[in-house]
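Quick notes on the structure that follows.
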Amino acid sequence: VIAALIALLKNGSLWADEEDGAGLETDLAAMAAEVLADFGKSAIAALAELLADPATRKLAVQSLAHIRTPETIAPLLAVVTDAEVAVRQTAIEALGSFHDARVVPVLIAALKDPAASVRQVAVISLGMRSDLLPHLDLVSLLAPVLLDLHLGVCRHCAIALGRLGTPDAAKVLFEMLQSVHTPLVLQQEIVRALGWIESLESLDYLQQALQQQIE
(Lines give C-alpha, C1' and ligand atoms only; values in the text may rest on other atoms or scores of the structure.)
Protein backbone atom coordinates (compact mmCIF):
# COMPACT_ATOMS: atom_id res chain seq x y z
CA VAL A 1 0.00 0.00 0.00
CA ILE A 2 2.80 2.38 0.88
CA ALA A 3 4.52 1.66 -2.45
CA ALA A 4 1.29 2.40 -4.32
CA LEU A 5 0.81 5.68 -2.44
CA ILE A 6 4.41 6.69 -3.12
CA ALA A 7 3.87 6.05 -6.83
CA LEU A 8 0.69 8.13 -6.77
CA LEU A 9 2.49 10.97 -5.02
CA LYS A 10 5.31 10.89 -7.57
CA ASN A 11 2.92 10.85 -10.53
CA GLY A 12 0.89 13.72 -9.13
CA SER A 13 4.04 15.75 -8.57
CA LEU A 14 5.16 15.14 -12.13
CA TRP A 15 1.81 16.39 -13.41
CA ALA A 16 2.32 19.54 -11.35
CA ASP A 17 5.16 20.44 -13.70
CA GLU A 18 2.85 20.23 -16.72
CA GLU A 19 0.68 23.03 -18.01
CA ASP A 20 -2.49 21.46 -16.60
CA GLY A 21 -0.86 20.15 -13.43
CA ALA A 22 -3.14 21.88 -10.96
CA GLY A 23 -5.96 19.40 -11.52
CA LEU A 24 -7.00 16.02 -10.22
CA GLU A 25 -3.54 14.46 -10.29
CA THR A 26 -2.01 17.03 -7.92
CA ASP A 27 -5.02 16.74 -5.61
CA LEU A 28 -4.50 12.98 -5.52
CA ALA A 29 -0.84 13.51 -4.70
CA ALA A 30 -1.76 15.67 -1.74
CA MET A 31 -4.25 13.06 -0.57
CA ALA A 32 -1.60 10.36 -0.92
CA ALA A 33 0.74 12.42 1.28
CA GLU A 34 -1.96 12.69 3.95
CA VAL A 35 -2.64 8.95 3.91
CA LEU A 36 1.09 8.19 4.09
CA ALA A 37 1.32 10.27 7.25
CA ASP A 38 -1.33 8.01 8.81
CA PHE A 39 0.98 5.03 8.32
CA GLY A 40 3.38 6.57 10.83
CA LYS A 41 6.80 5.04 11.33
CA SER A 42 6.38 2.46 8.58
CA ALA A 43 6.22 5.21 5.94
CA ILE A 44 9.20 7.28 7.13
CA ALA A 45 11.88 5.52 5.06
CA ALA A 46 9.87 5.84 1.84
CA LEU A 47 9.05 9.49 2.52
CA ALA A 48 12.69 10.26 3.32
CA GLU A 49 13.68 9.02 -0.13
CA LEU A 50 11.22 11.46 -1.72
CA LEU A 51 13.09 14.38 -0.13
CA ALA A 52 15.84 13.97 -2.70
CA ASP A 53 13.48 15.02 -5.51
CA PRO A 54 12.41 18.70 -5.59
CA ALA A 55 9.15 17.63 -7.24
CA THR A 56 8.06 15.52 -4.26
CA ARG A 57 9.97 17.20 -1.43
CA LYS A 58 7.22 19.56 -0.26
CA LEU A 59 4.56 16.85 0.06
CA ALA A 60 7.03 14.45 1.66
CA VAL A 61 7.96 17.05 4.28
CA GLN A 62 4.29 17.69 5.01
CA SER A 63 3.75 13.97 5.58
CA LEU A 64 6.81 13.65 7.81
CA ALA A 65 5.73 16.69 9.80
CA HIS A 66 2.41 15.03 10.64
CA ILE A 67 3.98 11.80 11.84
CA ARG A 68 5.79 13.55 14.74
CA THR A 69 7.93 10.66 16.00
CA PRO A 70 11.68 10.94 16.78
CA GLU A 71 12.47 8.91 13.67
CA THR A 72 11.42 11.88 11.53
CA ILE A 73 14.01 14.22 13.06
CA ALA A 74 16.92 13.17 10.82
CA PRO A 75 15.06 13.50 7.49
CA LEU A 76 13.52 16.82 8.56
CA LEU A 77 16.92 18.18 9.54
CA ALA A 78 18.09 17.44 6.02
CA VAL A 79 15.75 20.08 4.54
CA VAL A 80 15.93 22.96 7.05
CA THR A 81 18.04 24.97 4.60
CA ASP A 82 16.00 24.10 1.53
CA ALA A 83 15.58 26.81 -1.10
CA GLU A 84 11.77 26.67 -0.83
CA VAL A 85 10.34 28.65 2.08
CA ALA A 86 7.38 26.31 2.61
CA VAL A 87 9.71 23.33 2.99
CA ARG A 88 11.89 25.11 5.57
CA GLN A 89 8.89 26.40 7.49
CA THR A 90 7.15 23.01 7.67
CA ALA A 91 10.33 21.20 8.69
CA ILE A 92 11.32 23.71 11.39
CA GLU A 93 7.80 23.91 12.79
CA ALA A 94 7.70 20.12 13.11
CA LEU A 95 11.18 19.93 14.61
CA GLY A 96 10.22 22.52 17.21
CA SER A 97 7.95 19.97 18.87
CA PHE A 98 10.90 17.70 19.72
CA HIS A 99 13.10 18.15 22.79
CA ASP A 100 16.18 16.92 20.97
CA ALA A 101 19.64 18.50 21.18
CA ARG A 102 19.99 18.46 17.40
CA VAL A 103 16.98 20.74 16.99
CA VAL A 104 18.06 23.68 19.15
CA PRO A 105 20.85 25.00 16.85
CA VAL A 106 18.42 24.80 13.93
CA LEU A 107 15.82 26.89 15.74
CA ILE A 108 18.42 29.48 16.71
CA ALA A 109 19.72 29.72 13.13
CA ALA A 110 16.15 30.06 11.83
CA LEU A 111 15.73 33.29 13.83
CA LYS A 112 17.75 34.93 11.05
CA ASP A 113 16.07 33.18 8.12
CA PRO A 114 15.25 35.49 5.17
CA ALA A 115 11.59 34.42 5.32
CA ALA A 116 9.41 35.94 8.03
CA SER A 117 7.24 32.81 8.25
CA VAL A 118 10.31 30.72 9.10
CA ARG A 119 11.52 33.21 11.69
CA GLN A 120 8.07 33.19 13.24
CA VAL A 121 7.86 29.41 13.71
CA ALA A 122 11.36 29.44 15.21
CA VAL A 123 10.35 32.15 17.69
CA ILE A 124 7.21 30.26 18.67
CA SER A 125 9.15 27.03 19.19
CA LEU A 126 11.86 28.64 21.32
CA GLY A 127 9.21 30.38 23.40
CA MET A 128 7.94 26.95 24.40
CA ARG A 129 11.37 25.76 25.54
CA SER A 130 11.70 27.16 29.05
CA ASP A 131 13.48 23.89 29.89
CA LEU A 132 16.51 25.30 28.06
CA LEU A 133 16.83 28.36 30.30
CA PRO A 134 19.31 26.83 32.78
CA HIS A 135 21.73 26.17 29.94
CA LEU A 136 20.88 28.72 27.24
CA ASP A 137 20.20 32.45 27.34
CA LEU A 138 17.02 32.37 25.30
CA VAL A 139 16.08 35.92 26.27
CA SER A 140 19.24 37.35 24.69
CA LEU A 141 18.58 35.30 21.57
CA LEU A 142 14.98 36.44 21.26
CA ALA A 143 15.37 40.09 22.31
CA PRO A 144 16.69 41.30 18.90
CA VAL A 145 13.68 39.70 17.21
CA LEU A 146 11.43 42.30 18.87
CA LEU A 147 12.92 44.65 16.27
CA ASP A 148 12.12 42.36 13.35
CA LEU A 149 10.98 44.07 10.14
CA HIS A 150 7.85 41.91 10.14
CA LEU A 151 5.36 42.99 12.80
CA GLY A 152 3.86 39.51 13.11
CA VAL A 153 7.26 38.11 14.06
CA CYS A 154 7.68 40.89 16.65
CA ARG A 155 4.32 40.09 18.20
CA HIS A 156 5.10 36.38 18.47
CA CYS A 157 8.44 37.27 20.00
CA ALA A 158 6.68 39.27 22.72
CA ILE A 159 4.43 36.28 23.37
CA ALA A 160 7.45 33.97 23.51
CA LEU A 161 9.23 36.18 26.03
CA GLY A 162 6.07 36.33 28.11
CA ARG A 163 5.93 32.53 28.16
CA LEU A 164 9.54 32.29 29.27
CA GLY A 165 8.57 34.59 32.12
CA THR A 166 12.02 35.37 33.53
CA PRO A 167 13.01 38.72 35.09
CA ASP A 168 15.27 39.36 32.10
CA ALA A 169 12.38 38.67 29.73
CA ALA A 170 10.19 41.15 31.62
CA LYS A 171 12.96 43.76 31.47
CA VAL A 172 13.41 43.36 27.72
CA LEU A 173 9.67 43.67 27.16
CA PHE A 174 9.43 46.81 29.30
CA GLU A 175 12.34 48.46 27.50
CA MET A 176 10.61 47.78 24.19
CA LEU A 177 7.33 49.12 25.59
CA GLN A 178 9.02 52.39 26.50
CA SER A 179 10.46 52.98 23.05
CA VAL A 180 8.72 55.72 21.06
CA HIS A 181 9.31 53.65 17.92
CA THR A 182 7.27 50.66 19.11
CA PRO A 183 3.99 50.34 17.14
CA LEU A 184 0.77 50.43 19.16
CA VAL A 185 -0.21 46.87 18.24
CA LEU A 186 3.14 45.61 19.53
CA GLN A 187 2.80 47.70 22.69
CA GLN A 188 -0.53 46.00 23.33
CA GLU A 189 1.03 42.57 22.85
CA ILE A 190 3.85 43.46 25.23
CA VAL A 191 1.41 44.60 27.92
CA ARG A 192 -0.41 41.27 27.63
CA ALA A 193 2.90 39.39 27.80
CA LEU A 194 3.94 41.26 30.94
CA GLY A 195 0.59 40.40 32.47
CA TRP A 196 1.17 36.69 31.79
CA ILE A 197 4.48 36.74 33.64
CA GLU A 198 2.73 37.50 36.93
CA SER A 199 5.85 38.52 38.84
CA LEU A 200 6.67 41.49 41.05
CA GLU A 201 8.96 42.83 38.32
CA SER A 202 6.32 42.63 35.62
CA LEU A 203 3.71 44.22 37.88
CA ASP A 204 6.08 47.10 38.61
CA TYR A 205 6.75 47.56 34.90
CA LEU A 206 3.03 47.67 34.17
CA GLN A 207 2.51 50.25 36.91
CA GLN A 208 5.31 52.39 35.50
CA ALA A 209 3.88 52.14 32.00
CA LEU A 210 0.45 53.15 33.23
CA GLN A 211 1.83 56.10 35.18
CA GLN A 212 3.75 57.30 32.14
CA GLN A 213 0.54 57.19 30.08
CA ILE A 214 -1.30 59.23 32.71
CA GLU A 215 1.44 61.84 32.86
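Any residue that is buried (at least 20 other Cβ atoms within 10 Å of the Cβ), of a type outside the set (Asp, Glu), farther than 23 Å from Glu93 by Cβ and at pLDDT below 85 - is there at least one of those in the range 3-11?
yes
Does Leu111 satisfy the condition of being within 30 Å of Leu50 (Cα to Cα) and not β-branched (Val, Ile, Thr)? Full working, then the answer.
Details: within 30 Å of Leu50 (Cα to Cα): yes; not β-branched (Val, Ile, Thr): yes.
Yes.
From the list Leu141, Leu200, which one is open to solvent by 40 Å² or more (accessible area, probe 1.4 Å) and modelled with pLDDT of 95 or more? Step through it out loud before you land on a result.
On the way: Leu200 fails: modelled with pLDDT of 95 or more.
Being open to solvent by 40 Å² or more (accessible area, probe 1.4 Å) and modelled with pLDDT of 95 or more holds for just one of Leu141, Leu200, which is Leu141.
Might you check whether a residue that is part of a helix (DSSP H, G or I), within 27 Å of Leu200 (Cβ to Cβ) and out of contact with any helix residue (DSSP H, G or I) (no Cβ under 6 Å at 6 or more places or on another chain) occurs anywhere in the range 122-131?
Checking the range 122-131: at least one residue is part of a helix (DSSP H, G or I), within 27 Å of Leu200 (Cβ to Cβ) and out of contact with any helix residue (DSSP H, G or I) (no Cβ under 6 Å at 6 or more places or on another chain).
Any idea how many residues of the range 42-101 are in a helix (DSSP H, G or I), of a type in the set (Asp, Glu) and within 17 Å of the chain's Cα centre (by Cα)?
Keep residues of the range 42-101 that are in a helix (DSSP H, G or I), which gives 42-50, 54-67, 70-77, 85-95.
From the residues that got through so far, the ones that are of a type in the set (Asp, Glu) too are 49, 71, 93.
Add one more test, that the residue is within 17 Å of the chain's Cα centre (by Cα), and what stays is 93.
Number satisfying all stated conditions: 1.
If I ask for residues that are buried (at least 17 other Cβ atoms within 10 Å of the Cβ) and in a helix (DSSP H, G or I), which ones from the range 102-115 would you list? It would help to see each step written out before you state the result.
To start, the set of residues in the range 102-115 that are buried (at least 17 other Cβ atoms within 10 Å of the Cβ) comprises 103-104, 106-107, 110-111, 113.
Residues satisfying the conditions are Val103, Val104, Val106, Leu107, Ala110.
The values are calculated or read from the model by the stated rules, or taken from the named source; none is laboratory data. Predicted model only: the values in this text are computed from it and were never measured. We place every Cβ from the backbone using ideal geometry, glycine too, and count neighbours over all the protein chains shown. Note: areas computed on protein heavy atoms with side chains; ligands, DNA, RNA excluded. Shrake-Rupley method; radii C 1.70, N 1.55, O 1.52, S 1.80 Å.
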